[in-house]
Amino acid sequence: MGAVSPVPFADSAFMTKVKKRIIDPTLKGLSDEGIIYKGFIFFGLTNVKGDPYMIEYNARLGDPESEVVIPRI
């Protein structure tokens, strides 16, 4: 396993797909279920021919993700 940030393919078109296909539906699902979530959600994604796909959700920032995300914050 590993993590890279920033990734060269995460241009504005790809990030729009991420928001529309993954982030927005996730937040809507939490809301629809009446779940009030306060905390951290890490979206583990992969790129398949220009389309984002979810690998995992994480409710914590673990290793190796933290090694590339924290310096960007």
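This table checks each residue for (1) open to solvent by 80 Å² or more (accessible area, probe 1.4 Å); (2) modelled with pLDDT of 90 or more; (3) polar (S, T, N, Q).
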{"site": "PRO6", "(1), (2), (3)": "yes, no, no"}
{"site": "ALA10", "(1), (2), (3)": "no, yes, no"}
{"site": "LYS17", "(1), (2), (3)": "no, yes, no"}
{"site": "ARG21", "(1), (2), (3)": "yes, yes, no"}
{"site": "THR26", "(1), (2), (3)": "no, yes, yes"}
{"site": "PHE40", "(1), (2), (3)": "yes, no, no"}
{"site": "LEU45", "(1), (2), (3)": "no, yes, no"}
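Does LEU61 satisfy the condition of being assigned to a helix (DSSP H, G or I), of a type outside the set (Phe, Trp, Tyr) and touching a Phe, Trp or Tyr at 6+ places or on another chain (Cβ under 7 Å)?
It is false that LEU61 is assigned to a helix (DSSP H, G or I), of a type outside the set (Phe, Trp, Tyr) and touching a Phe, Trp or Tyr at 6+ places or on another chain (Cβ under 7 Å).
Considering region 64-73 alone, what residues qualify as being surrounded by 10 or more Cβ atoms within 10 Å (Cβ to Cβ) and outside any helix (DSSP H, G or I)?
PRO64
So LEU27 ticks every box in (1) part of a loop (DSSP other than H, G, I, E, B); (2) free of Cβ contacts under 8 Å to residues at least 40 places away in the same chain but one. Which box is left unticked?
(1)
In region 34-73, what residues are within 14 Å of LYS17 (Cα to Cα) and of a type outside the set (Gly, Ala, Ser)?
If the condition is that a residue be within 14 Å of LYS17 (Cα to Cα) and of a type outside the set (Gly, Ala, Ser), then PHE43, LEU45, THR46, ASN47, VAL48, LYS49, ASP51, PRO52, TYR53, MET54 are the ones that fit.
The values are calculated or read from the model by the stated rules, or taken from the named source; none is laboratory data. Everything quoted here is computed from the prediction, not taken from an experiment. As a convention, Cβ positions derive from the backbone with ideal geometry for all residues, glycine included, and neighbour counts pool all protein chains shown. Remember, those area values only see protein heavy atoms, side chains included, never the ligands or the DNA or RNA. Shrake-Rupley method; radii C 1.70, N 1.55, O 1.52, S 1.80 Å.
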